[in-house]
Amino acid sequence: MREYKGSEIRNIAVVGHGASGKTSLVDALAFVSGSSKRHGSVKDGTALTDHAAEEIERGYSINVGCAYAEWQDTKINLLDTPGYLDFQGDAVAGLAAADGALCVIPATSGVEVGTERMFREAVRSRDPVLFVVTMMDKEHADFDRVYQQIKLRLSNKVIPVEIPIGEGPDFHGVINLFTKKAHQYTRGVKTGEYQETEIPAEAKEQFDRYYSELIESISATDDNLLEHYLEGAEITRDEAIAAMKEAMKRMELFPLFCVSSELNYGMQAVLSTVVALMPNAYEMEEMHAFKGAEGDATVEIHARDDAPCVAHVFKTMSEPHVGDVTFFRLYSGVIASGDELYNATRSGSEKLNHLSVAQGKERIEIQRLHAGDIGCVAKLRNTHTNDTLSTRQHPVRLPLIRFPEPTIQMAVHAPNRADEEKLQSGIHRLHDEDPTFEVSYNAETHETIVSGLGERHLEVNLAKLARKFGVHAELTKPRIAYRETLKAKAEGQGRHKKQSGGRGQFGDCWVRFAPLPRGSGYQFVDEIVGGSIPRQFIPAVDRGIQEAAVRGVLAGYPLVDFKVELYDGSFHTVDSNEMSFKMAGILAFKAVAARAKPVLLEPLDELEIVTPDDYMGDVLGDLSARRGHILGTEPDDAGTRIRAIVPQAELYGYASSISSMTQGRATFKRSFKGYEEAPHEVAQKVVEEHAKEREEELVAH
């Protein structure tokens, strides 16, 4: 492979709903361009960018895959992104590394929820978008229906540049509106060769209608062209393409193409259009990076070869027998194999041995990489997704990729104690690969919690855990971290006396318990006067009460938000010691807390849900069924935004439930809100479950 300068590079993310044909399109583009030597298939497990074991087994993309197509002296970097929302983190990473997007829509099923989500994400990223209608050769393919769906659900600024000749099994060509020619394909051609002919008579009326719409739409984006158009002057092909390219940058036009990836029909036109219409790195706006590791001052980053090196890591993958492979976009400067760069995010140096570009699972070693290109390198010591690599002389940090927040939580358990360490190491390595897969430890429930974007997301990560690290872990419903508190005042004695020959143990204390406002925590007040308990033993009473409070009164959960006054007691000059008074504190807690009307507190989460208006009634009804308290609703670009507070105990499986309820079109965020007294029937159930668990433990022992 020759070296490509930034002006000769296009970075394109291929996005869309799951099973829309993205991976097949990338495979076909690379094959037709001659950059890939075989035409693979998702069905057969031979697709270029779906090469992980989990992807081959399941038949869909899980990771962002990198490939390239060399066409018209241009290198097109293709970032094949996952379509299912469980793996949206990698799709966002792909868009972050790209300068434009191909939004893929199947001619059979049309616009789906993933199409909407990823199109909006591309527009938010200010990436020019080309729509590609795939599977034109399949039964029930309907180009016009998909075109109208795009106009209705995505953008009315979409405009066809190609229209099909025939549909379904009869699909055998396309008409290019710019060239006013038909491309007629012969079934069985391997790399998309076609015969250029005049427009068939039966398609002339359709061509005239779409051509008029194309020229009118392009003219409306440019004042000079609009003037020529209104005067009836001919707008040349070059003028139209130049105006369309500028309009795409401003998000004023979205061209539409039609292809068959399986038959390789339409691939050459897509490749040529990407070269002609998509921006190169030099044409993109400059980026702003933070100076140094901690600084908040910013500096402009330009895609120039003579500028200091700045690269951003958008993906890290762990490969057996290789280690971590780091994928990055070079935003400025030139790097050579063996160069040393500085990781300002983690304050460490990294040597880039075996600098490569990826063609699916193959890594092709290169000597140099220019500003604007995408590369990869293996075995960096301490560099992870979202890190910035720069020079020690000019250290900078690029803005972080904003990954979607996890929506589902599960507890993860190793099959046995011997695998516990391997489990912890493995899941943290998986987090390094995929920042949307989060890991935490709940000290209250003593469980390791993994969070992700859906059940499928967690299941796939467990499959990776087994394949890469040899740990066959299990997911279970996480325990709820309830707490307990008091509603009344009470007082009483804690007396510990033990005599077993020789020196005995003696501690005696009198305490008052009282409730405190929610969130106040624990307070201990020393009211001892006259030395009824010596000063050195008073902290021991405090420790005993705190230790007992961790185990609670009702169901074994920590007791919080209460005050203890130590007001009297007695001691023995010989038998009293710190341990005796600590035991007295524990006994005082058991005697008094149970009489101070203990109640169960349940944790609450605040939900922010955005749902299309069609489903708002169902969403609100479901929240009420989950004991949710609606805080309010307000209009949103995607429908209605709902804010509600819901008990954590009622949110298990909510991500799957709301996805099913709204056909995947609603989104939500959740954040911890606080604790509130649980209803009597809920508390009673929790107390009974705790008593049953204790009984089973005693029997087991």
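Observations on the structure shown:
- Residue satisfying condition, being surrounded by fewer than 18 Cβ atoms within 10 Å (Cβ to Cβ) and touching a Gly at 6+ places or on another chain (Cβ under 9 Å), within set 358, 371, 378: 378
- Positions within the stretch 470-507 being out of contact with any Pro (no Cβ under 9 Å at 6 or more places or on another chain) and surrounded by 19 or more Cβ atoms within 10 Å (Cβ to Cβ), in sequence order: 478, 492, 494, 496, 506, 507
- Taken over the stretch 116-140, the criterion of being of a type outside the set (Lys, Arg), surrounded by fewer than 24 Cβ atoms within 10 Å (Cβ to Cβ) and more than 28 Å from the chain's Cα centre (by Cα) is satisfied by 137, 139, 140.
- Conditions (1) without any contact (Cβ under 8 Å) to a residue 24 or more places away in the chain; (2) within 16 Å of residue 586 (Cα to Cα): number failed by residue 507: (1)
- Residue 277 within 27 Å of the chain's Cα centre (by Cα) and crowded, with 18+ Cβ neighbours inside 10 Å: no
- Residue check for residue 28: under 19 Å from residue 102 (Cβ atoms), surrounded by fewer than 24 Cβ atoms within 10 Å (Cβ to Cβ) and not acidic (Asp, Glu): no
- Pairs are defined by a Cβ separation below 7 Å, a sequence spacing of at least 6 or placement on different chains, a first member in the stretch 234-248 that is within 14 Å of residue 224 (Cβ to Cβ), and a second member that is among the polar types (S, T, N, Q); the pairs so defined are 235/219; 243/221; 247/221.
- Matching residues, the stretch 67-84, being crowded, with 24+ Cβ neighbours inside 10 Å and either under 12 Å from the mean Cα position of the chain (by Cα) or more than 22 Å from residue 192 (Cβ to Cβ) (or both): 81, 82, 83
Rundown of residues vs (1) on the phi > 0 side of the Ramachandran plot; (2) among the charged types (D, E, K, R), yes/no style:
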site: 109; (1), (2): no, no
site: 116; (1), (2): no, yes
site: 123; (1), (2): no, no
site: 135; (1), (2): yes, no
site: 141; (1), (2): no, no
site: 146; (1), (2): no, no
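- Against the criterion of being of a type in the set (Asp, Glu) and closer than 30 Å to residue 213 by Cα, residue 340 does not qualify.
- Some residue of the stretch 49-57 being under 28 Å from residue 303 (Cβ atoms), of a type outside the set (A, V, I, L, M, F, W, C) and not assigned by TED's automatic domain parsing to the domain that holds residue 469: yes
- Within the stretch 352-366, tally of residues that are at pLDDT 95 or above and more than 27 Å from residue 23 (Cβ to Cβ): 1
- Residue identified as outside the structural domain of residue 69 (by TED's automatic domain parsing) and farther than 23 Å from residue 92 by Cβ among 347, 332: 347
- Top-ranked residue in the stretch 236-263 [being at pLDDT 95 or above and of a type in the set (S, T, N, Q); ranked as surrounded by the most Cβ atoms within 10 Å (Cβ to Cβ)]: 261
- The numbered conditions (1) of a type outside the set (Val, Ile, Thr); (2) assigned by TED's automatic domain parsing to the domain that holds residue 469; (3) farther than 30 Å from residue 67 by Cβ are all true for residue 392 except (2).
- Failed condition for residue 143, given (1) buried (at least 24 other Cβ atoms within 10 Å of the Cβ); (2) hydrophobic (A, V, I, L, M, F, W, C); (3) in contact with a strand residue (DSSP E or B) (Cβ under 7 Å, 6 or more places away or on another chain): (1)
- Checked against (1) closer than 19 Å to residue 265 by Cβ; (2) in a loop (DSSP other than H, G, I, E, B); (3) aliphatic (A, V, I, L, M), residue 104 meets all criteria but (2).
- All of 157, 181 fail the test of being surrounded by 13 or more Cβ atoms within 10 Å (Cβ to Cβ), over 15 Å from residue 269 (Cα atoms) and assigned by TED's automatic domain parsing to the domain that holds residue 137, apart from 157.
- Qualifying positions in the stretch 1-50 - under 19 Å from residue 269 (Cα atoms), small (Gly, Ala, Ser) and not in a strand (DSSP E or B): 21, 24, 28, 30, 33, 34, 35, 36
- Scan the stretch 141-169 for residues that are under 31 Å from the mean Cα position of the chain (by Cα) and in a helix (DSSP H, G or I) and the total you get is 8.
- Residue that is surrounded by the fewest Cβ atoms within 10 Å (Cβ to Cβ) [pool: residues in the stretch 319-341 that are touching a Leu at 6+ places or on another chain (Cβ under 6 Å) and outside any strand (DSSP E or B)]: 337
- A Cβ distance below 6 Å, combined with a sequence gap of six or more or placement on separate chains, defines the contacts here; from the stretch 579-602, residues that are on the phi > 0 side of the Ramachandran plot reach residues that are surrounded by fewer than 18 Cβ atoms within 10 Å (Cβ to Cβ) in the pairs 597/487; 597/488.
- Residue pairs whose Cβ atoms lie under 9 Å apart, separated by 6 or more positions or on different chains, with the first residue in the stretch 440-457 and farther than 12 Å from residue 475 by Cβ and touching a residue at least 24 places away in the same chain (Cβ under 8 Å) and the second of a type in the set (D, E, K, R) and in a loop (DSSP other than H, G, I, E, B), are 442/479; 444/479; 445/479; 453/405.
- Residues in the stretch 295-318 that are assigned to a loop (DSSP other than H, G, I, E, B) and either out of contact with any Lys or Arg (no Cβ under 9 Å at 6 or more places or on another chain) or surrounded by 21 or more Cβ atoms within 10 Å (Cβ to Cβ) (or both): 296, 302, 303, 304, 306, 307, 308, 309.
- Residue 556 satisfies every condition listed in (1) touching a helix residue (DSSP H, G or I) at 6+ places or on another chain (Cβ under 6 Å); (2) modelled with pLDDT of 95 or more; (3) under 30 Å from residue 605 (Cα atoms); (4) among the small types (Gly, Ala, Ser) except (2).
The values are calculated or read from the model by the stated rules, or taken from the named source; none is laboratory data. Everything numeric in this text was worked out from a predicted model, so none of it was measured. Please note: Cβ atoms are built from the backbone with ideal geometry, for glycine as well, and neighbour counts cover all protein chains shown.
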